[in-house]
Each structure stands twice: as structure tokens, then as C-alpha cells.
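A short worksheet on the structure shown next.
Every number here is computed from the coordinates shown, using simple stated rules; none is lab data. Everything numeric in this text was worked out from a predicted model, so none of it was measured. Because the Cβ atoms are built from the backbone with ideal geometry, glycine has one as well, and the counts that use them run over all protein chains shown.
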Amino acid sequence: MSQNDVFLRILFSFMILSSYNLSKSFILSPAIRTHRNLATLSVLRSVEVDGCDEIPATKRRLWFPVKPQDALLNQYNTIVKGAYVRHVLVETEDMADVAIKTYLKGDMDSQDPFGLLASDLSACSLSRDEGGKVGWIMNPFHISAATQTNEEKIRIDHNSNVAVYPLISEYAIEQLFEVRPKGGDVFKIPSSLSSNRPKWHICRIDDLLLDYLPNSGQANLESDSDLFTDEMDKKGTNKVFSKRPKLKGSGTLPKTPNIIIPTSATSIDPKRPIAKTYQIITNGCQMNVADSERLEGVLQKQLNLLPIYSSTPQEDALLVSTPSSTKSTSDSKSPDIIVINTCTIRDHAEQKVYNALGPYAARKRAGKAIAIVVAGCVAQQEGENLLRRVPEVDLVMGPQYVNRLADLLDDVSRGHQVVATDPTLLTEDLSRPIRGHKVRAWVNIIHGCNEHCTYCVVPGTRGVEQSRSMEHVLKECLDLASLGYKEITLLGQNIDAYGRDMTPKRTFADLLHYLNDHIPSGTIERIRYVTSHPRYFSDRVIDAVASLDKVCECFHMPFQSGDDEILRKMRRGYTFDSYMKIIQKIRDRAPDASICGDVIVGFPGETDDAFQRTLDLMNAVRFDNLNTFAYSPRPNTEAALWEKQVPDDVKSERLQIVQRLSTQHALERSERYLGKRVEVLVEDRNPKHIGQVMGRTRQNRQVFFEGDFQTLEGKVVHVDITEARPWSLTGILV
Ligand code: SAM
Ligand code: SF4
């Protein structure tokens, strides 16, 4: 079939199916946008906070731009050094447009629609059979931290891309980097300006090569100064401290273990003469657990380190190397690297971290070569302060640096202290996580959060939204399927924002359809996701849940408050009524679905009447499960500065009231299963009852029943329900 035949085929199918309005935003005309005008576009809009008059203008948060590249431009240290690119070469711009629309429609029968497009359509014979693979292309403009600010561009050596010139012209490469691509983006670009009819490339960016720490090279480390220059200071908080202070009390210089990155480490080498060990302590939400799994992947698979084992012989299990574990380390063998992955969502989080660091800092002062790493949201929030307060700490790293742990530890093993908290673009994870469970797994689909809930630290600690490409998410799911996993939970702080930062845009419903269609039957049986946001939640997601066989009938939709005035002050973007409309739609389309939520009591200004409306909303919905929180003022959040804070005793009284009511509703919701047969995926043993196993219904209710775990683990079985409790059920295996 000639290229034109294929084009006509695509055009025809497109004319039938098309209802898309092709977004111009991803089209590059030959009059290419420059860094300068992109900078203008990206000027952050300051927000007039509707109804939050108490906040001084200087303290108000700025809206984040939807494109993370725009948020990073001119502010931070991230430098895109290169991109892994695939392309489809077509004759005309019209063909490029139609091909992109076809790709976007997502109904191409392939796990890799871009690869199919390349093999069907591309005029590039050199890459057609390899899914359009071009490979790594280096950014032709070397943009250093300093020149980025001045928007100067210094052309790098022409030869660095010589290998790819047969596939893609030098001119086209320049166009590609001018738009500052991000992983997962697809652009059309002309192949040259010189000919009358230039061909067009459709380029897909599979991954990026980033330079995060322009200040961390050996040259800088040799500097006498332990702080960087003012200019570097302004660029963010990534720093390498080369001159470490002597430790208080001992008067000695701190020792760090020598962590050498093995060149070809793919698994733990038990014969290694001196095996270095690590422990991870994890606090917080699923997102932190998922991050710890990725940290563990880096430590084991990239650095060839060993998790340390329990000192109790009967339990030959990982002590805290199972990422979700928060077991105490006091009786453990001392690790060479301790990673404390922290959460700051509620009270006293920082103090708890300082307390937890105590024993490790003491070991270091006693002369032990131990690397102390503080990761996660407290690390991001406290940054350099952590080093001031606990000088024994070696590495402070925000959640965006999880994939970069190996590089950062490389600096640490040279004896430096590192703070890596600058917002940055994300790359794909090369190491792959070490999962904490064998049946179900977490899969991040979007990092960060662009919302401005006035009580919440997350946007400040996890940065701007960055979606992973649908193909990467699918690849991770297929890897999990091949390892025997049966359930995945897609993670995002605001999952409904998925894809709005992409070029071209995608939606969360698109992703659900794509995964459901391309994960082979009989492998992963269940797809769950958290967390939905009522402001962005779409009917297409309800339809997807109702119609797709793998997507579980379970909605997690935090409402936070039932009072419209409080919701406005929280800046949630919905009301009691609009929230209830969503609930009604869910009940209409998926009547058996479970509905869960989060609520905060005692938000500043919450009166008795306002609190009553929260109870009214709970009574109207009758949640299957509700996470209940007493409002906790958090650093760098607007509501923490407000007057009319609710006294602690009122908060705790209200908390008890919502907990009692939510338990009553949960029991009611459990009782609807009595006498019914439910489908259960077996996950674990019942730790409290030998001979019983634990699984979950599609609606996420725990079910306990007698059974042999060895034979049932990971199986979907049917169970007749005989007992109902608020949060769990008991039954008999059919
Ligand atoms: N992104 C999700 C959302 O929009 O609901 C949840 C993120 S947050 C990690 C989980 C829950 O913690 C929130 O839904 C909220 O109920 C609670 N939370 C967040 N900040 C809080 C604060 N300052 N005080 C009390 N609870 C808080
Ligand atoms: Fe984002 Fe959720 Fe925090 Fe709001 S509550 S800022 S949506 S993470």
C-alpha cells in the first residue's frame, strides 16, 4: 500500500469519526515560537482570590500555568539536554494534521498507536519498522542556568546529533527544542524551510534527558564556598554543600558510605564482598508509598544495595524495606543508608521527622558511616532548614527527585550534603519500583497538583501537574500483568486533571478506555483510581466506570465540607448542590458503586450551622467510607494565616460526631451485601485469624473467609456474605 493509500484510508475513517476540533496549540508553523515569546505567554497570572479577603495580597498563591514547562521557564535549574524521539514523516501538513487526529482518537487497535502510525504511514524507511524510532537527540541549544535567565542560546557542537541527521534534519531538531518539549508530547514540525514543499515530521517525545543540578559538578564541589553564589541561590534551592561542618559533640567530620553505582546492575548481587544496606521508613498517603517503592527500585536495581533483614530469626522478612512499612528501627541492624520518606499533610509532621532522625544522627556522631536521606513532602517544605537543624543529614530531596536518587547519592558518597528541592520536569523511571505487594500495585499517572485549596500543602510540596504519557502508563501496567499482578490503582492528587498538560491534550476517561482495551483479559482484572475532584469530574468518567469491565465501581470523591461558604473559602470550586448532582449521576449510571470521600472539620470560620451542613451532606450521600480529618493549619497555606481558627476542643468534638455518623453509614452500606454473593480478589491472609484470607469486592470492601491462601492468592472468587461490619464483611467461599 502506498503512503497516499494509507493516508486516504486514515482520512476516510477520520471523516466518518471525527468530531475533534484540532487544537492549534500543538501546531508549529514555520514561524516558530521562540523562548522569548513563550516566556511572555508563561507569565503567571496573579489571582484575585474570590472571597478570601483575609489573605494579604503578597501571601496569595499564584495560579500555576497548565504547562509545567511554562512554570519552570526562567525560574529553576532544570535543563533539557536531550529527548528520546520517534517520528512519522509525511508529505504535507494536512497529512500530518489528519494523522495526529487519528492518533488522538485512540481507537487504533494497537498498544502503541504512534508505532502503528509510523509503520502504516511514515515515508521514513529507516525508522518505519521500529515504530518511528529516531533515538536520543541532543538539544542543539546549550542552555545553562545563567543563559536560561538571559534567554541566550549558545549553539552546541553540530556533531553531537550527526547520527540522526539521516532521519531528521538539523533544522527540524532546532524546531523541536524551540517548543521545549516534555515527555509524552506530540508535535508536527516542518523538516526544512529551504524547499518549496517541505515534508513534515510528527514527533513524539518518549522521554527527556535532564540536567537538574548544574551546580553539582565536580568543579563546583571543589569550590571553597559551602554556599553558592547569590545568582545561583536565586535560581532555586538545589544545592551541593561541599564543606561540611564538624559534628557537634564529637568534633569529627561526618562519614558517609561509599556507594558506587555498578555499571550493569540489574539485580542484587549477593556475592558482593561488602554489601551496602538500606532501610526506608515511609509515612503518609498512597502517593508516598508509591514513591518509596520507586526509591527502593533505585536502591536495589540501580545501586545494587541490599535491604536489611529483621533481627528476629523467625521472621526472615524485610524489616522496613517493604516500602509501606513504618516499623521502628530501634532493634534493627544499622543500615548504611536510611531514607525517611515524609508526609506533611497534618499536625506536627516536621517535629516527628526531627525526632525520627535522632538515632541516626547519633550513630553518625559516633563515627558510623551512614547516609541519612530525608525525602518527601517535609523535605520539600523544610529544604535547607533540615541541614541547619540536623547537620548530620546528607540529602534532602523533594518528591520530584525520586527517580534521581542514584545521582544524588553519588554526590553524597563523595562527602557532600545535597538539597534537591527545585521544581523540575520529570523523566520516566528507569529503575522500576520494588513493589510492596504481590497482587495489587500503584501506578502514578499524574504528579503534582495545580489546585489552590487554601488548607493544603500538596501543591507546594509536589509541584505543578505533570501527566505521564498513556503509552508509558500502559507499559507499566503490562509489565505488572506479566509479573502476575491482578489489580492496579492509578494515582493522582487530582486524577481528573490527567492530560491537560499534554500536547495534545488527553483526558482521564481517554486513559481508562485505553488501558481497559489494551490490558489483555485474564491478566490485570481490576483498575482502580484515586483521587477524583468534584470540580473537574466528568460524566465520561462515570460512563467509563459503568461500562468498562476492568474499571471498578468505586468512586473516591472528597467533599471536605457541606457548607457553600466554607467550600468557597477552601477554594474547592463546587457547592453542596453541584456535589449532589454528581452523586445523583453516579447513582443513576452505576447504582451498585461505592462512594467514598474525605471531610475536614473545624476549617477556619466553620460555625455550628456550617458544620451541620456537612452532616446534612453526609446524610444525603451515605458514604461507604469516609476519611475524616480535623483541620490542621499547615505551613505556607493561606488558611493557616486566617483569623477565626476553630478551637481544638470544638474540632475534636466535631471529628467524633462525623466519625460516629460515617461509621453508621458505612455499616448500612455493608449490610446491603448480607445474603448476597460477591466477587472477591484475594490479596492477603487475615493477620488476626489463622486459616482465613482477606480479599476485596470490586467496590473495595474487605471480605474475610476461610480458605487456603497459597491456592487462593491473586484469584478472583465468589463469596456468600454472612456478616457485615462497618468496614468489612465475612462470608463463605462458594
Ligand atoms: N488531592 C486529594 C483531594 O483533592 O481531595 C487529596 C489530597 S490530601 C493528601 C488528602 C486529604 O487530606 C484531603 O482530601 C483533605 O481531606 C485532607 N487534608 C489536606 N490538608 C489538610 C489540612 N490542612 N488539615 C486537615 N486535613 C487536610
Ligand atoms: Fe490539590 Fe487535593 Fe490538596 Fe486540593 S486537597 S490542593 S486538589 S492535593
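Applying 1/(1 + (r/R0)^6) with r as the Cβ-Cβ distance of Thr427 and Leu548 and R0 = 30 angstrom yields a FRET efficiency of 0.50. In this simple spin-label approximation, Glu130 and Lys475 carry label points 7 Å from Cα along the Cα→Cβ vector, and these lie 1.5 nm apart.
Each principal axis of segment 574-715 carries a Cα extent, and these read 58, 35, 26 Å when sorted largest first. Diagonalising the gyration tensor over the Cα atoms of segment 590-655 and scaling each eigenvalue by 5 before taking the square root yields semi-axes of 26, 14, 10 Å, largest first.
Stretching the chain fully between Ser482 and Lys585 yields a gain of 33.5 nm (0.36 nm per residue, less the alpha carbon separation). When +1 charges are put on Lys and Arg Cβ atoms and -1 charges on Asp and Glu Cβ atoms, the dipole computed for segment 613-734 relative to its Cα centre reaches about 220 debye. Extension gain, Thr607 to Asp539: 0.36 nm times the residue separation minus the Cα-Cα distance gives 21.2 nm.
At an R0 of 60 angstrom, the distance between the Cβ atoms of Ile657 and Arg388 translates into a FRET efficiency of 0.90. Estimated from the Cβ-Cβ distance and a Förster radius of 60 angstrom, the FRET efficiency linking Thr92 and Asp684 is about 0.55. Reducing segment 405-434 and segment 674-734 to their Cα centroids gives an inter-centroid distance of 41 Å. Distances between placed amide hydrogens fall under 5 Å for Val418 paired with Phe241, Leu395, Val396, all partners being 5 or more residues away or on another chain.
On full extension, the segment bounded by Glu565 and Gln692 gains 40.9 nm, given 0.36 nm per residue less the C-alpha separation. Scaled against the 2.2 N^0.38 Å expected of a compact globular protein of N residues, the Cα radius of gyration of segment 440-482 reads 1.46. With the simple model of a label 7 Å out from the Cα in the direction of the Cβ, Ala369 to Leu641 spans 4.8 nm. Placing a label point 7 Å from the Cα of Val650 along the Cα-to-Cβ direction, the residues of segment 589-604 with a backbone N closer than 12 Å are 602-604.
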